[in-house]
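The values are calculated or read from the model by the stated rules, or taken from the named source; none is laboratory data. Worth saying up front: this structure is predicted, and the values here are computed from it rather than measured. Using ideal geometry, Cβ is built from the backbone for each residue, glycine included, and neighbour counts are taken over all protein chains shown. The protein model used for the area step is the full one, side chains on, heavy atoms only, and it has no ligands, DNA or RNA in it. Shrake-Rupley method; radii C 1.70, N 1.55, O 1.52, S 1.80 Å.
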Amino acid sequence: MKQSILLDGPKFQITIKRLCQQLIENHGDFSNAAFVGIQPRGTYLAKRIAKELKQMIGKDVDTGILDITFFRDDFRMKGSTPLLANSTQIDFIVEGKTVIFIDDVLWTGRTIRSAMDAIQAFGRSQKIELLVLVDRRFSRQIPIQPDYIGIQVDSIDSQKVIVSWEEIDKEDSIVLITEKK
C-alpha cells in the first residue's frame with residue numbers, strides 16, 4: 001500500500017482560510033446563508049469553517065449537521081452493510097436561505113443527492129451550494145459539482161482519499177492511498 005500526503009499541517013489550515021475568503025466574497029455578512037455539515041465527517045469541516053468565519057467577520061453563521069442515512073439510495077439494498085444513523089441538528093429555518101452543504105470528500109455525488117432530499121424536511125431553501133475539502137474529479141455517478149473546493153484530486157476508484165481531523169484523529173491531513181499490486 002502506497003500513501004501520498006496531499007495536504008497537512010499549515011497548508012491544511014491555509015486551505016480552510018481560503019475557503020472562508022471565498023465564502024465571504026459570495027455571502028458578505030451571511031444574513032441569508034446557513035451551513036449544513038453532512039454527517040459524519042463533513043461536520044468537522046463545517047465547525048471549522050464556522051469558527052474561522054466568526055474570527056474573520058465577528059459574527060456567528062447558522063450552522064447545523066445533517067444525517068442522510070435514511071435518504072441514501074443504498075439504504076435497504078440487499079447485501080449492503082447496515083448503516084448506523086447519526087444525528088441531525090438544524091435549529092434554524094432554511095426556508096428562503098442559501099444552504100451551503102459542507103462535506104470532506106466529494107466522490108460519486110450520491111451523498112450530496114441524499115442531502116438534497118433530506119434538507120427538504122426543513123423547508124425550501126432559496127439556493128443550495130456545495131463546499132468540499134477534497135473534490136475527487138472524474139468519479140461522479142451523479143452530475144454534482146462543488147461551488148467551493150479545497151483541493152482537487154484526480155484518482156481512480158481503487159484509490160482512497162482519507163481526511164484526518166485533529167479533533168478525532170490527532171492530526172489534520174489528507175492522504176491518498178493506493179493499493180500496490
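Open to solvent by 20 Å² or more (accessible area, probe 1.4 Å), of a type in the set (A, V, I, L, M) and either at pLDDT 95 or above or not in a helix (DSSP H, G or I) (or both): is that true of residue 112 in this structure? Full working, then the answer.
On the way: open to solvent by 20 Å² or more (accessible area, probe 1.4 Å): no; of a type in the set (A, V, I, L, M): yes; either at pLDDT 95 or above or not in a helix (DSSP H, G or I) (or both): yes.
No.
For the range 15-28, does any single residue satisfy the condition of being modelled with pLDDT under 95 and surrounded by fewer than 19 Cβ atoms within 10 Å (Cβ to Cβ)?
Of the residues in the range 15-28, the ones modelled with pLDDT under 95 are 28.
Next, only the ones that are surrounded by fewer than 19 Cβ atoms within 10 Å (Cβ to Cβ) stay: 28.
Checked the range 15-28: at least one residue is modelled with pLDDT under 95 and surrounded by fewer than 19 Cβ atoms within 10 Å (Cβ to Cβ).
From the residues in the range 115-162 that are in contact (Cβ under 8 Å) with a residue 24 or more places away in the chain, of a type in the set (D, E, K, R) and part of a strand (DSSP E or B), which one is farthest from residue 23 (Cα to Cα)?
Among residues in the range 115-162 that are in contact (Cβ under 8 Å) with a residue 24 or more places away in the chain, of a type in the set (D, E, K, R) and part of a strand (DSSP E or B), the one farthest from residue 23 (Cα to Cα) is 136.
Would you pick out the residues in the range 1-58 that are over 19 Å from residue 162 (Cα atoms) and of a type in the set (D, E, K, R)?
Selection gives 17, 18, 25, 29, 51, 52, 54.
Can you tell me which residue among 132, 105 is among the aliphatic types (A, V, I, L, M), open to solvent by less than 60 Å² (accessible area, probe 1.4 Å), under 24 Å from residue 1 (Cα atoms) and under 16 Å from the mean Cα position of the chain (by Cα)?
Numbers: 132 fails: under 24 Å from residue 1 (Cα atoms).
The conditions single out 105.
Within the range 141-160, restricting attention to residues that are surrounded by 12 or more Cβ atoms within 10 Å (Cβ to Cβ) and in contact with a Ser or Thr (Cβ under 6 Å, 6 or more places away or on another chain), which residue is nearest to residue 27 (Cα to Cα)?
Residue satisfying both the conditions and the ranking: 150.
For residues that are on the phi > 0 side of the Ramachandran plot and either under 18 Å from the mean Cα position of the chain (by Cα) or open to solvent by 60 Å² or more (accessible area, probe 1.4 Å) (or both), scanning just the range 55-102, find the one that is modelled with the highest pLDDT.
Among them, the one singled out is 58.
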